[in-house]
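Worksheet: one structure, shown below.
The values are calculated or read from the model by the stated rules, or taken from the named source; none is laboratory data. The shown structure was predicted, so the numbers you read here are calculated from the model rather than taken from an experiment. Note that we place each Cβ from the backbone using ideal geometry, even for glycine, and neighbour counts take in every protein chain shown. Ligands, DNA and RNA are excluded from the accessible area calculation, which covers all protein heavy atoms including side chains. Shrake-Rupley method; radii C 1.70, N 1.55, O 1.52, S 1.80 Å.
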Amino acid sequence: MAAAAEKAGMGAPVPACPGWSVGDLLRHTSYVHRWAAGYVAQRLKRPVADLSEEQILAEGPGDGAVLGWFREGHAALVRTLADADPDVDCWTFLPAPSPLAFWARRQAHETAIHRVDAEQAAAGPGAGGVFEPAFAADGVGELLMGFLARSVRRGRWPGLGGNLAIHAEDDPARADWLVAGRPGAAGVSRGPGPADCAVTGPARELYLLLWNRGAADGLQVTGDPGVLAAFGPALQITWS
């Protein structure tokens, strides 16, 4: 991510984040790294008041210093996760086998998706994003079984107008998910099922598509494509 950001230049626009420069992208991601490391290192049991996105971008270092600041924060996050007690007890906001597993997974995908942002800032939309199938499928799983399932529980999922089946054909486990998006039947589950639209392809392509960093061009889409098109606008990602 740092290398791609340096290549793009701190003032380059970020295609998937309208209004952000690459410097803003680094400020955001490094703040999140420091924020996550704090929960693990300090064993915080409750969410604490955090800066707004506007404050993060305004109060972070300037473009001349932000690349080094990003690298320092990332290194500190990796050390914190590597040195933490496997049984550390701290606050989390999505289901996971343990708090440490949650924070490692969440920061891996936070960084991976924003690495794609930096790569696309350097080389244009559609660039970047080389991931092992198992990692990409895990990122799809976190998005669907974590963030989407949480939105459904909170009553914040508007639905898609139909059911959406997602198939990662190159994941070792051949992962499948079913997003129930019909009115009055919202939900998400692992495994296949009847759907109004099905999207099949490499896990990497699905990962980028569902995180709004890629298009469906290299995927097989059957049924009503409007169901798939509704997914991105329907899901709003928040930190907690």
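Considering the stretch 122-137, and only residues there that are closer than 25 Å to Trp35 by Cα and part of a helix (DSSP H, G or I), the residue that is least open to solvent (accessible area, probe 1.4 Å) turns out to be Ala136.
Quick check on the stretch 15-35. Is at least one of its residues among the hydroxyl-bearing types (Ser, Thr, Tyr) and in contact with a Ser or Thr (Cβ under 9 Å, 6 or more places away or on another chain)? Looking for residues that are among the hydroxyl-bearing types (Ser, Thr, Tyr) and in contact with a Ser or Thr (Cβ under 9 Å, 6 or more places away or on another chain), one finds at least one in the stretch 15-35, hence yes.
Residues in the stretch 38-56 that are under 19 Å from Ala75 (Cα atoms), in a helix (DSSP H, G or I) and free of Cβ contacts under 8 Å to residues at least 60 places away in the same chain: Gly38, Ala41.
Residues in the stretch 201-223 that are of a type in the set (S, T, N, Q) and surrounded by 14 or more Cβ atoms within 10 Å (Cβ to Cβ): 1 in all. Going through (1) out of contact with any His (no Cβ under 7 Å at 6 or more places or on another chain); (2) surrounded by 19 or more Cβ atoms within 10 Å (Cβ to Cβ); (3) in contact (Cβ under 8 Å) with a residue 12 or more places away in the chain; (4) not basic (Lys, Arg) one by one, Phe102 falls short only on (3). Only strands (runs of 3 or more DSSP E) whose full extent lies in the stretch 148-193 are considered here, and the ones with at least 3 residues that are within 16 Å of Thr222 (Cβ to Cβ) and either in contact with an Asp or Glu (Cβ under 9 Å, 6 or more places away or on another chain) or open to solvent by 30 Å² or more (accessible area, probe 1.4 Å) (or both) are 164-168.
Scan the stretch 47-90 for residues that are open to solvent by less than 30 Å² (accessible area, probe 1.4 Å) and among the small types (Gly, Ala, Ser) and jot them down. Matches in the stretch 47-90: Gly60, Gly73, Ala84. The residue of the stretch 20-46 that is surrounded by the fewest Cβ atoms within 10 Å (Cβ to Cβ), among those that are among the small types (Gly, Ala, Ser) and within 20 Å of Thr238 (Cβ to Cβ), is Gly38.
Here the stretch 2-19 is the region considered, the condition is being touching a Leu at 6+ places or on another chain (Cβ under 8 Å), open to solvent by 10 Å² or more (accessible area, probe 1.4 Å) and not in a helix (DSSP H, G or I), and the residue that is modelled with the highest pLDDT is Met10. Residue count for the stretch 201-234 under the criterion of being part of a loop (DSSP other than H, G, I, E, B) and more than 27 Å from Gly155 (Cβ to Cβ): the result is 8.
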